[in-house]
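These notes concern the structure reproduced below.
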């Protein structure tokens, strides 16, 4: 059975999020039989990224750019909710500004890396503050196992370079 594109997309998105599905294997089998070959696999490998920044314009720019690359992007402007959001969403990647106004991105990074649930989530941190970038780089290099998967980017940065780093980080095998 082959459904028109708009029908299968809506059905698939609703069906995958439906709480009525009790058996994951049954759901996968039914969906894989109903849709074009390889579609389910391609949809399931969409990487989830959470971007945390207190600057609304940058958040929406990064969301648009990352979504254009087929990533599933969530944004958060309030840094004080970042740790909780990461712990509940468990994104494949966190992109975090170090200067958030109400809380330090460095504090969020330490919380995440100290929690066994979130410790393995890769993080790209960025800042325009040279001293803060150097401080985080020293922290990461002095504790490489604890801060594994943390990458520091200095602002301003080229979006192409950020996208290349995102792709590299998301394609690294989990250790």
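The values are calculated or read from the model by the stated rules, or taken from the named source; none is laboratory data. Note that the structure is predicted; figures quoted are calculated from it, not measured. No Cβ is skipped: glycine too gets one built from the backbone with ideal geometry, and neighbour counts run over all protein chains shown.
Per the listing 71, 83, the residue uniquely closer than 23 Å to residue 137 by Cβ, in contact with a helix residue (DSSP H, G or I) (Cβ under 9 Å, 6 or more places away or on another chain) and assigned by TED's automatic domain parsing to the domain that holds residue 151 is 83. Between a residue in the range 130-150 that is touching a residue at least 12 places away in the same chain (Cβ under 8 Å) and any residue that is loosely packed, with under 12 Cβ neighbours inside 10 Å, which pairs come within a Cβ distance under 8 Å, given they are 6 or more apart or on different chains? Taking only residues 6 or more apart or on different chains, the pairs are 148/175; 149/172.
If I ask for residues that are surrounded by 13 or more Cβ atoms within 10 Å (Cβ to Cβ), closer than 19 Å to residue 93 by Cβ and out of contact with any helix residue (DSSP H, G or I) (no Cβ under 8 Å at 6 or more places or on another chain), which ones from the range 107-125 would you list? Give the steps one after another, and end with the answer.
So the first thing to find is which residues in the range 107-125 are surrounded by 13 or more Cβ atoms within 10 Å (Cβ to Cβ), and the list is 107-113, 115, 118-125.
This time we only want the ones that are closer than 19 Å to residue 93 by Cβ, so: 108-113, 115, 118-125.
Matches in the range 107-125: 110, 113, 120.
Please specify each residue of the range 62-84 satisfying the condition of being touching a residue at least 12 places away in the same chain (Cβ under 8 Å) and surrounded by fewer than 20 Cβ atoms within 10 Å (Cβ to Cβ). 63, 65, 69, 70, 72, 74, 75, 77, 78, 80, 83 - these are the residues of the range 62-84 that are touching a residue at least 12 places away in the same chain (Cβ under 8 Å) and surrounded by fewer than 20 Cβ atoms within 10 Å (Cβ to Cβ). For residue 70, the conditions (1) at negative phi; (2) at pLDDT 90 or above are fulfilled apart from (1).
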